[in-house]
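To start, the structure under review is shown below, and the notes come after it.
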Amino acid sequence: MERQLNTRCVVTGLGMVNAIGANVEECWENALAGKEGIDHVKSVNADNCYANLGAEIDFELPKEEEKDRVSVLCLKASGEAFADSKLEGSIEDPTRFGVIMGSCVGGVLSIEEYITNGEKTEDINKMTISSIANHVATRFGAKGVITNVGNACAAGAISVAYACELIRAGVADVFIVGGADAFASVPFSGFHALHALSENPCSPFNHSNGITLGEGAGAMVVESYEHASKRGAKIYCDVLAAGISSDAYHITAPRPDGIGQMYAINRAIEMSGLQKSDIGYVNAHGTGTAKNDETEFLSLHTIFDNAGGDLSVSSVKAMVGHCLGAAGAIEAVYSIKALTEGKIPPTIGYSAEDLDVLKEKAGEIDFMPNTAREKELKAVMSNNFAFGGSNASVIFAKDLGEVKETESDEEVYITGLGIVSPLGNGVENYVNQINAGNKVSGNSVLAEVGKDDFGKFDIKMAFFRKLDKFSLMQVVSGLEALKEAGIAPEEGKEEDYGMIIGTGDGPLTTVYEFEDHIAKEGNENGSAFNFPNTVYNAAGGYLSIKTGLRGYNVTITNGSQSGLQSVGYAFHEIKQNRAKGMLATGTDENSAVMQKLYGQLGLVADGDAKLYVNQSGQTLSDGSVSVALESKSSAEKHGSKKYAVVAGYGMAHEGVKYGEIKGSDAGLKNAVTMALSMAGISAGDVDGIFGLGNGVKDVDDIEIGLVKEMFSATPVINVREYIGEARAAAATLSVAHAALTLSGDLAADQDAFVFENGVEVKKVNTSSWKNVLAVAQGTGGTYSAVVLKKAE
């Protein structure tokens, strides 16, 4: 059975900052006037580079202590959107108020600062994307779903889509969404190495000879219509629908046939209930590279020619540059302004000769050369396409279409597992190691991927050579989970299956090493081979290329709990009929770089970590764990094994200083309460808990307090006791271990912690367990909880 999801999602606040403006109105008026924000770069050294242009912000930003520039930009745009929405004082339940932010390179300026200016401890917690949404949530009091999207240049657009999915699912009422990225040496040097930078200001759909990088942030307040109308909010427009897909083709280049882009665009139109002719304006991705412009040109003409409409298309990147993870959010704000103001910003940079060429190839589409145009609009579309083959299309409208979002009442099963860990690789190996009582030792351990894995999953050397360890671990665990589940989509059905990649630190090792190299050798000597692996969604991109899965593909990053949050995200994609099956994964890497950074933060144990007792620090570890989720009908169609039922989840935040967790106890309690409620059970129904303690006192104490308060003597099994703190991988492994326990694959008698009288380790029999709870934490006070039930 399916039910219609009728909840309207509306935009009530806008915020923006980029090279042509410090706020929405200034950015908008300058865009209509065709003002170019591109000039010779000042913040990076381009002396020996063939290109030296960028769209940098040249006005002073607010002073923000202990934050990277990317967070400063994001807070500025978010603050404007929050003020514009007049949300202050109107949030009745802050656990239903969330933040989702997109970024491509996150705090890469802090990595540069750390490497070039004395390796200061204060820079470490600014480095990853994870911190961005945390800062926004803590500033504005959001205590619900908090995460960041790491899908490179599509990240900002995906943040809008995910927020609306959660609102329609009834999980939240209101979100601040958007994206941010700062101008930095790593992306500049990387695109320079790829020869993707233009020597002149970029000219989308015109000369198409390269991109010009920019910086900035865009933010929106998105909320349910009921929430907005109850508080009398000004409503800009509805967010009708979104389409998200993966090319499964190449890590940096779009598919020449445009299949992935066209699926995302068509999916958005289909789910919006609109006709193609209702779309009056498309804010194109329009980067100015030959391959992107050619593919997008093909996609737009294929879909909209002969549709009976009057379509205008422009790219604001000719004015503000390519703002990477901020692009989707900035361009969404421009799209909404076009819709509400009845004016369309131009694509600048066309000469008289260029205009003659454009007339010959533009066909039915008006590509808006040089001059803004007034036009009454019913609906607009914003498109973004990214490294990793990530595609996103979002539709905003004045009037509500016949939105076709639905929710299924089918159960969602775990049908496949994939494990890469320091105990070895493979589900069978993991079961044998745990049943034998084997554990890692020491304060730093590593997972390994080798020839046996390549042979088992037919990984050719030509493919292997492109991957860093982070991506390689993800590919291996993902392939095993799909194989276990028996998921092999029919030709033409590749969009039915997708993946949510969860990671705490992402490819931080690769980014650090790339920055370290160019700091010594110059920005002109960046590695074209390594640069693609600096984006967080590279791992998901490689996995889609290897598997051919072209469905919903998103990378989320908000600390260790991302590996559990991915399960909740994937669960919703299936429940809301965007996929028949999904991979939910957690992947994080250990390396000399990570050992150095975590050691400097004082989080690594002197010897073996002692969970819940000694609490001197963690055993730093790594790995990748993938869990295949399927709808009941999909699982039964190909006879998948049913390990367990995903019955419910919760996500919550209790803001504390980023880099800390003490004082955020309420966040864990709220996440657990939400998960139990969604699953329809009480704390007394929980037979076992799969815990989050890692040997760090503040982390362990929060869990001990929660268990004592809500669960009394309920036993806690912790996978970190066996594999160390593998961050997101350990969070997903908690779900995998729980599923193996419920299915009976693991021995019934297992070691567990009991907190009823101090901290005791007891042998517990799990054979009668029916309901279990997995929990995970992220620094700054973010938590996720998932309830699994025994599959009957």
| request: Please give the helices (runs of 4 or more DSSP H) falling wholly within segment 253-360 in which 2 or more residues are among the hydroxyl-bearing types (S, T, Y). | output: 259-272, 290-304, 327-341
| Limited to segment 28-63, what total is found for residues that are over 21 Å from M368 (Cα atoms) and in contact with a Pro (Cβ under 7 Å, 6 or more places away or on another chain)? | 1
| field | Test for D354: is it open to solvent by 10 Å² or more (accessible area, probe 1.4 Å), in contact (Cβ under 8 Å) with a residue 12 or more places away in the chain, out of contact with any Ser or Thr (no Cβ under 6 Å at 6 or more places or on another chain) and assigned by TED's automatic domain parsing to the domain that holds N18 | value | yes
| query | Quick one: which of V412, V380, V333 is β-branched (V, I, T) and under 30 Å from V645 (Cβ atoms)? | reply | V412
| task | Quick one: count up the residues across segment 391-440 that are within 30 Å of M262 (Cα to Cα), hydrophobic (A, V, I, L, M, F, W, C) and open to solvent by less than 60 Å² (accessible area, probe 1.4 Å). | result | 7
| query | Looking at L73, is it under 15 Å from A182 (Cα atoms), open to solvent by less than 40 Å² (accessible area, probe 1.4 Å) and touching a residue at least 24 places away in the same chain (Cβ under 8 Å)? | reply | yes
| query | Restricting to segment 368-399, what's the tally of residues that are in a loop (DSSP other than H, G, I, E, B) and at pLDDT below 95? | reply | 2
| task | Identify the single condition in (1) farther than 25 Å from T673 by Cα; (2) in a helix (DSSP H, G or I) that V136 does not satisfy, given that it satisfies every other one. | result | (1)
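Just checking, how many residues over segment 555-586 are aromatic (F, W, Y) and surrounded by 24 or more Cβ atoms within 10 Å (Cβ to Cβ)? I'd like the intermediate steps shown before the answer.
Taking segment 555-586 and keeping what is aromatic (F, W, Y), we get 569, 571.
Filter once more, keeping what is surrounded by 24 or more Cβ atoms within 10 Å (Cβ to Cβ): 569.
Residues in segment 555-586 being aromatic (F, W, Y) and surrounded by 24 or more Cβ atoms within 10 Å (Cβ to Cβ): 1 in total.
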| If you check L549 against the conditions, is it in contact with a Phe, Trp or Tyr (Cβ under 9 Å, 6 or more places away or on another chain), touching a residue at least 24 places away in the same chain (Cβ under 8 Å) and open to solvent by less than 10 Å² (accessible area, probe 1.4 Å)? | yes
| query | Restricting the search to segment 105-123, which residues are under 21 Å from the mean Cα position of the chain (by Cα) and either more than 25 Å from L213 (Cβ to Cβ) or hydroxyl-bearing (S, T, Y) (or both)? | reply | S110
| field | Selected residue (criterion: most open to solvent (accessible area, probe 1.4 Å)) from residues of segment 754-776 that are part of a strand (DSSP E or B) and over 20 Å from D685 (Cβ atoms) | value | K763
| said: Let me confirm something: among V427, V445, V420, V440, which residue is under 24 Å from the mean Cα position of the chain (by Cα) and touching a residue at least 12 places away in the same chain (Cβ under 8 Å)? | reply: V420
| Scope segment 1-20; condition modelled with pLDDT of 95 or more and either under 27 Å from the mean Cα position of the chain (by Cα) or polar (S, T, N, Q) (or both); matching residues | C9, V10, V11, T12, G13, L14, G15, M16, V17, N18, A19
| field | Condition met for G15 (among the small types (G, A, S), in contact (Cβ under 8 Å) with a residue 24 or more places away in the chain and on the phi > 0 side of the Ramachandran plot) | value | no
| query | Checking G623 against (1) touching a Leu at 6+ places or on another chain (Cβ under 9 Å); (2) under 17 Å from K483 (Cα atoms), which test does it fail? | reply | (2)
| task | Those residues that are of a type in the set (A, V, I, L, M, F, W, C) and surrounded by fewer than 23 Cβ atoms within 10 Å (Cβ to Cβ), I need them from segment 441-466; list them, please. | result | V445, L446, V449, F454, F457, I459, M461, A462, F463, F464
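Condition check ((1) touching a helix residue (DSSP H, G or I) at 6+ places or on another chain (Cβ under 6 Å); (2) outside the structural domain of G15 (by TED's automatic domain parsing); (3) assigned to a helix (DSSP H, G or I); (4) over 23 Å from M594 (Cα atoms)) across all residues:
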site	(1), (2), (3), (4)
E29	no, no, yes, yes
C49	yes, no, no, yes
V72	no, no, yes, yes
G89	no, no, no, yes
E92	no, no, no, yes
T95	yes, no, yes, yes
Y114	yes, no, yes, no
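Table: residues versus (1) touching a residue at least 40 places away in the same chain (Cβ under 8 Å); (2) under 19 Å from the mean Cα position of the chain (by Cα); (3) open to solvent by 10 Å² or more (accessible area, probe 1.4 Å).
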| site | (1), (2), (3) |
| --- | --- |
| R139 | yes, no, yes |
| G150 | yes, yes, no |
| A163 | yes, yes, no |
| I167 | yes, yes, no |
| A172 | yes, yes, no |
| V177 | yes, yes, no |
| A184 | yes, no, no |
| N200 | yes, no, yes |
| field | Candidate set: segment 587-611, residues that are out of contact with any helix residue (DSSP H, G or I) (no Cβ under 7 Å at 6 or more places or on another chain), in contact (Cβ under 8 Å) with a residue 24 or more places away in the chain and buried (at least 18 other Cβ atoms within 10 Å of the Cβ); chosen: the one farthest from G118 (Cα to Cα) | value | A609
| query | of a type in the set (D, E) and crowded, with 21+ Cβ neighbours inside 10 Å - does that describe any residue in segment 295-314? | reply | yes
| Tally of residues being closer than 22 Å to Y536 by Cβ and open to solvent by 10 Å² or more (accessible area, probe 1.4 Å) across segment 186-196 | 5
| request: Might you check whether a residue that is of a type in the set (V, I, T), over 20 Å from the mean Cα position of the chain (by Cα) and farther than 22 Å from D181 by Cα occurs anywhere in segment 212-230? | output: no
| request: Take the residues in segment 518-546 that are among the charged types (D, E, K, R) and in contact (Cβ under 8 Å) with a residue 24 or more places away in the chain, then tell me which one is farthest from Q618 (Cα to Cα). | output: E524
| query | If you take the residues in segment 241-258 that are open to solvent by less than 20 Å² (accessible area, probe 1.4 Å) and more than 18 Å from the chain's Cα centre (by Cα), which one is nearest to V394 (Cα to Cα)? | reply | A241
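Going by the structure shown, is A726 among the aliphatic types (A, V, I, L, M), within 17 Å of T779 (Cα to Cα) and assigned by TED's automatic domain parsing to the domain that holds G502?
Taking the combined requirement at face value, the residue satisfies it.
Does G107 satisfy the criteria of being open to solvent by 10 Å² or more (accessible area, probe 1.4 Å) and either at pLDDT below 95 or among the small types (G, A, S) (or both)?
no
The values are calculated or read from the model by the stated rules, or taken from the named source; none is laboratory data. If you're wondering where the values come from, they're calculated on a predicted model, not measured in any experiment. Backbone-built Cβ (ideal geometry, glycine too); neighbour counts: all protein chains shown. In case anyone asks, the SASA skips ligands and DNA or RNA and just uses the protein heavy atoms, side chains included. Shrake-Rupley method; radii C 1.70, N 1.55, O 1.52, S 1.80 Å.
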